[in-house]
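Read the figures in this text as sums done on the coordinates, not as results from a lab. This is a predicted model, so every value here is computed, not measured. So basically every Cβ, Gly included, is an ideal-geometry build from the backbone, and we count neighbours across all protein chains shown.
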Amino acid sequence: MLVQNYLSGDSSVNIAQSVESAVSGGKLGAGELLPPVRSLAAHLRVSPATVAAAYRLLRERGVVFADGRRGTRVRSAPPISLPRAVPLPRNVRDLAEGNPDPALLPRLPALPLEQRLYGAELNDRRLIDLAREQFREDGIAAENVSVVGGAMDGMERVLREHLRAGDRVAVEDPCFTGVLDLLHALSLVAVPVPVDDEGLRPTELRRAIRSAHALIVTPRAQNPSGAALTPRRARELRAILSARKDLLLVEDDHAGAVAGADYVSLIDRSRERWAVVRSVSKSLGPDLRVALLAADAQTHARVEGRQTLGVRWVSHILQRLVVSLWRDRAAARAGRVYTERRNALLRELRSRGIAAHGASGLNVWIPVSEESATVQALLQAGWAAKAGERYRIASPPAIRVTIASLEPADAARFAEDLANVITPRRRASGA
């Protein structure tokens, strides 16, 4: 087997390192099958137990996964594999990367800088006070609030403090790729729960939480589907979750003020373990790397305690910038523009008979029969969209289109080009 030529070592650690080197070097690709344990053991002249231990290490690292009787395969986005950015042609509009519109981000103010020393407060008191005010306005308990380095950093810290390898985590399907990659890297098992425009579907959630240890939910601007919890749906889901007070519930409010929908929470006062992560990346800018974390007392203590052993604190320069920008209220204006652009694309698609989802947020999710072919055809027409494969677990094919910089006139052009791409396929299939 050709794969075996890239693998070496006489111990489980060395064998695992050779696999990681082959993945990071591009010699082993996503989904590629590793040799059977006994086959590789014979090739390397080690015991099958040594190879099995190496594969176990790789699973724990999130590099590979066990595909049942089909063997062990490389994950689609292992944590050791850096993404290789491919520049788009100059004539192609980027509707794939999920960025906010730079023109709608507030300008960074010039602040007087001062050095912070060890022993000072971890968090800027003004930022914590503003965050508490925002959380309380949305009905979230705000006694325990900390600052983390972005939404993914906050979620990872919470999951690490409560879960162990092999634990099951209920997630939305389709789901943000970063969440799925994080679960894989932590050796946690994703349990898909389908979503519609109102959020998680109740029947499937009830089934999923029977065996789950945690639930990650995006109450608004769900990425990629744009789903937003409605009060009616939230009441149904809270009633279901009331049977599992011990379930860790993490809410990801990555879009915050620019989501284009009110915040509707599934957390109530009786929940034992919970956290809400609110990022400023979409509203104020991805490079700030700041998010606010509200949580129950135990989770808050664990996260801040662990934080002091590593990064210690998020830069106070960044924290002060967020304080200044939050007072500017620019995010509210940006949120209205994003809503207008999202609704414009949905109208244009609907007028051409194309079904799409986008109740909130910066993305529109468009079901298609063939993702790759549709994405390639759009690229030829001058548009970069994202194939839905990396977001889906069991949900059907679709593409994700980011509307952040898509003006209404551009939305009409895009919808027309997409209609020209998918209509011939519909006719050919007899639809």
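General observations
- Farthest towards the positive end of the charge dipole of the chain, among the residues Ala42, Pro112, Thr299, is the Cα of Ala42, using unit charges on the Cβ of Lys, Arg, Asp and Glu.
- Cα→Cβ-extended label distance, 7 Å offset, between Arg350 and Tyr6, nm: 4.8 nm
- For region 115-326, the convex hull drawn through the C-alpha positions has a volume of 110 cubic angstrom per residue.
- Contact order, relative form, for the chain: 17 percent (alpha carbon pairs under 8 Å, 6 or more residues apart, mean separation divided by residue count).
- FRET efficiency estimate (nearest 0.05) - Cβ-Cβ, Ala332 to Ala373, R0 45 angstrom: 0.65
- Listed residues Tyr263, Leu180, Ile403: farthest to the positive end of the dipole of the chain (Cβ charges): Leu180
- Loop-located trypsin sites (Lys or Arg not before Pro) in region 250-346, at most 14 other Cβ atoms within 10 Å (DSSP): Arg269, Arg312, Arg327, Arg329
- Convex hull volume of the C-alpha atoms in the chain, normalised per residue: 172 Å³.
- Using θ = phi - 60° and Karplus 6.51 cos²θ - 1.76 cosθ + 1.60, couplings along region 261-275 (whole Hz; Gly, Pro as x): 7, 5, 7, 10, 9, 9, 8, 10, 5, 7, 6, 6, 10, 7, 7
- Taking 7 Å steps out from each Cα toward its Cβ at Asn99 and Arg269 produces label points 4.6 nm apart.
- Karplus-based coupling profile of region 41-58, in residue order and whole Hz: 4, 5, 5, 8, 6, 10, 7, x, 4, 5, 5, 4, 5, 5, 5, 5, 4, 5, with θ = phi - 60° in 6.51 cos²θ - 1.76 cosθ + 1.60 and x standing for Gly or Pro.
- Whole-Å distance, taken between Cα centres, linking region 94-141 and region 228-246: 29 Å
- The order of Val189, Val63, going from fewest to most other C-beta atoms within 10 Å of their C-beta, is Val189, Val63.
- The label point for Ser24 and the one for Asp138, both projected 7 Å from the Cα toward the Cβ, are 3.6 nm apart.
- Within the same chain, lysines fewer than 8 places from Lys282 are excluded, and of the rest, those with a Cα less than 20 Å from its Cα are Lys386.
- For the chain, the dipole from Cβ point charges (+1 on Lys and Arg, -1 on Asp and Glu) about the Cα centre works out to 640 debye, to the nearest 20.
- Peptides ranked, highest mean first, by Cβ atoms within 10 Å: ranges 366-372, 376-382: 366-372, 376-382
- Neighbour-limited loop hits for trypsin sites (Lys or Arg not before Pro), region 128-173 (at most 12 other Cβ within 10 Å; DSSP other than H, G, I, E, B): Arg164
- On full extension, the segment bounded by Gln380 and Gln115 gains 90.3 nm, given 0.36 nm per residue less the C-alpha separation.
- Spread of Cα-to-Cα distances over 10 Å intervals beginning at zero, given as percent, for region 2-74: 22, 63, 15
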